[in-house]
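Right, one structure below, let's go through it.
The values are calculated or read from the model by the stated rules, or taken from the named source; none is laboratory data. Predicted model, so just to flag it, every value in this text is computed and none were measured. Here the Cβ positions follow ideal geometry from the backbone for every residue, glycine too, while neighbour counts run over all protein chains shown. For the accessible areas, the whole protein counts, side chains as well, though only heavy atoms, and no ligand, DNA or RNA atoms are used. Shrake-Rupley method; radii C 1.70, N 1.55, O 1.52, S 1.80 Å.
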Amino acid sequence: MGRPRTFDQPAALAAALDQFWRRGYEATSVRDLAGAMSITGASLYNAFGDKRSLFRRCLHAYVDTYARKRIAELDASDDPIRGIRAFFDDLVKASLRDRRGCLLVNSAMEVAPWDAEFATLIEQCLLEIEDGFYRALKRLPVSGPRQSPGNERSTARLMLSTVMALRVLARAGGEEERLRSIARSAVALAEGGPHL
């Protein structure tokens, strides 16, 4: 019978996530991961499997911690427009505070082109965000200057594209007013989006 694990697995997973988020999948070695996690390479393999398995766990942890939290807040908002505005306000603040970008978006550009499994996983996670916007848009009143019925899916896709653009621009050092202006445009789409 093997010895029980003596390290804090959630803390180790958070440290691994940080490495992948800062450096990307390819540039992060098992040695880098083990060092950041304060464990041996053998302990890493025993607890998390290989680098690929650990990366998969980190992607899931990232989505649970960041994307699904924002989506849940959007779903819980009494006023969909206020919820969308809060979503983008929070996103801009987080993007300015932490210039690592979005692990999903970073991975979509780095890993997805050559790895079908991760491409599918990333696409599913991004679709969850799109679906969150779609549900919010479907809750808008039909009458008035707001979203026209039938345009919700197209507008939700544009809003997801805005999320991705904001994260990339912030990582590239984009200035605050530029990011806020883009976020305001996304909210305006929800308030009275064009016929797409």
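Contact list please: Cβ distance under 8 Å, first residue in the range 77-102 and among the basic types (Lys, Arg), second residue loosely packed, with under 15 Cβ neighbours inside 10 Å, pairs at least six apart or on different chains.
Matching pairs, first to second residue: ARG99/GLY173.
In the range 139-157, which residues are modelled with pLDDT of 95 or more and open to solvent by 70 Å² or more (accessible area, probe 1.4 Å)?
Within the range 139-157, just ARG157 meets the criteria.
Restricting attention to the range 126-143, does a residue exist that is among the polar types (S, T, N, Q), within 30 Å of LEU44 (Cα to Cα) and either without any contact (Cβ under 8 Å) to a residue 12 or more places away in the chain or in a helix (DSSP H, G or I) (or both)? Spell out the reasoning first.
If we filter the range 126-143 for residues that are among the polar types (S, T, N, Q), which is where we start, we get 143.
Add one more test, that the residue is within 30 Å of LEU44 (Cα to Cα), and what stays is none.
No, the range 126-143 contains no residue that is among the polar types (S, T, N, Q), within 30 Å of LEU44 (Cα to Cα) and either without any contact (Cβ under 8 Å) to a residue 12 or more places away in the chain or in a helix (DSSP H, G or I) (or both).
If you check ARG70 against the conditions, is it modelled with pLDDT under 95, farther than 30 Å from GLY41 by Cβ and crowded, with 19+ Cβ neighbours inside 10 Å?
Working: modelled with pLDDT under 95: yes; farther than 30 Å from GLY41 by Cβ: yes; crowded, with 19+ Cβ neighbours inside 10 Å: yes.
Yes; evaluated as a whole, the condition is true for this residue.
With respect to the numbered conditions (1) among the aromatic types (Phe, Trp, Tyr); (2) touching a Lys or Arg at 6+ places or on another chain (Cβ under 7 Å); (3) under 20 Å from ALA11 (Cβ atoms), which one is the sole condition not fulfilled by PHE87?
Of (1) among the aromatic types (Phe, Trp, Tyr); (2) touching a Lys or Arg at 6+ places or on another chain (Cβ under 7 Å); (3) under 20 Å from ALA11 (Cβ atoms), only one is false for PHE87: (3).
For the range 24-61, how many residues meet the condition of being assigned to a helix (DSSP H, G or I), closer than 15 Å to VAL111 by Cβ and either in contact with a Ser or Thr (Cβ under 9 Å, 6 or more places away or on another chain) or among the small types (Gly, Ala, Ser) (or both)? Spell out the reasoning first.
Looking only at the range 24-61, we keep the residues that are assigned to a helix (DSSP H, G or I), and these are 30-37, 41-48, 51-61.
Filter once more, so that each one left must be closer than 15 Å to VAL111 by Cβ: 51-60.
Now restrict to residues that are either in contact with a Ser or Thr (Cβ under 9 Å, 6 or more places away or on another chain) or among the small types (Gly, Ala, Ser) (or both): 51, 53, 55, 59.
Of the residues in that region, 4 qualify.
Within the range 73-128, track down each residue that is of a type in the set (A, V, I, L, M) and open to solvent by 60 Å² or more (accessible area, probe 1.4 Å). Spell out the reasoning first.
Step one: filter the range 73-128 for residues of a type in the set (A, V, I, L, M), giving 74, 76, 81, 84, 86, 91-92, 94, 96, 103-105, 108-109, 111-112, 116, 119, 121-122, 126-127.
Within the range 73-128, ALA76, MET109, ALA116, LEU127 qualify.
Do the conditions hold for PHE48, that is, is it at pLDDT 95 or above and either within 20 Å of GLU117 (Cα to Cα) or basic (Lys, Arg) (or both)?
On the way: at pLDDT 95 or above: no; either within 20 Å of GLU117 (Cα to Cα) or basic (Lys, Arg) (or both): yes.
No, not satisfied.
Go through (1) closer than 22 Å to GLY101 by Cβ; (2) open to solvent by 60 Å² or more (accessible area, probe 1.4 Å) for LEU13 and report which single condition fails.
Every condition holds for LEU13 apart from (2).
Residues are listed down the side, and each one gets a yes or a no for (1) exposed (fewer than 14 other Cβ atoms within 10 Å of the Cβ); (2) under 26 Å from GLY101 (Cβ atoms); (3) aliphatic (A, V, I, L, M):
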residue	(1), (2), (3)
ASP8	yes, no, no
ASP18	no, yes, no
VAL30	yes, yes, yes
MET37	no, yes, yes
TYR45	no, no, no
ASP50	yes, yes, no
